[in-house]
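Structure first, then comments.
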Amino acid sequence: RRLDLCVADDRSADFDAHFRDSHMDSDGVETIVHEYTVTGSVDTSTRTITAVTADVRVLPWQECPGAIASAQRVQGFSLTELRGRIRGEFVGTSTCTHLNDTLRAIGDLDALFDLRSGLDDV
């Protein structure tokens, strides 16, 4: 997992999240099972997601790519409500557990914003 935050200007910040899970067989050969990237922008004053795009790198089943569109549903969510709303609203076959996990991780941007503002005071 990876989550990066880059402040674009006084009103906007861009984020880039990455999720990968893999399996290591008895011969030490790694197979990637799921891999997603999620990028987007956040309004820095309201900490609301203003844009989001999810991309598939690797998925195990033919049904899985159909879930990628569910990422768009987080646009307009605040970072503080992200985890709860995804847990409660992103259910069924329209989405994917692994994508949901990646989207919930974007809520951690709140802590990164707080850390960044603390550095500005130094």
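Any read-out appearing in this document is the output of simple, stated calculations on the displayed coordinates, not a laboratory observation. Source: prediction; values computed, not measured. For neighbour counting, all protein chains shown are included, and Cβ atoms are generated from backbone atoms with ideal geometry for every residue, glycine included.
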In deg cm²/dmol, rounded to 500, what helix-only [θ] at 222 nm does the chain give when every DSSP H run of at least 4 residues adds -39500 (n - 2.57) and the total is split over its residues? -8000 deg cm²/dmol
Hypothetical label at Asp55: residues of the stretch 15-39 whose amide nitrogen lies under 16 Å (7 Å Cα-Cβ projection): 15-20, 35-39
As a footprinting exposure proxy, order Val91, Val58, Val42 by other Cβ within 10 Å, with the fewest listed first. Val91, Val58, Val42
Quote the FRET efficiency, to the nearest 0.05, computed for Thr46 versus Ala111 with a Förster distance R0 of 25 Å and r equal to the Cβ-Cβ distance. 0.90
Using Cα springs under 10 Å in a Gaussian network model of the chain, which residue among Asp16, Asp108, Asp27 shows the largest mean-square fluctuation? Asp27
In the chain, taking the dipole from +1 charges on Lys and Arg beta carbons and -1 charges on Asp and Glu beta carbons about the Cα centre, the listed residue (Asn100, Leu115, Val42) farthest towards the positive end is Asn100
Please give the helix 109-120 orientation as an angle from the longest Cα principal axis of the chain, in degrees from 0 to 90, rounded to the nearest 10. 40 degrees
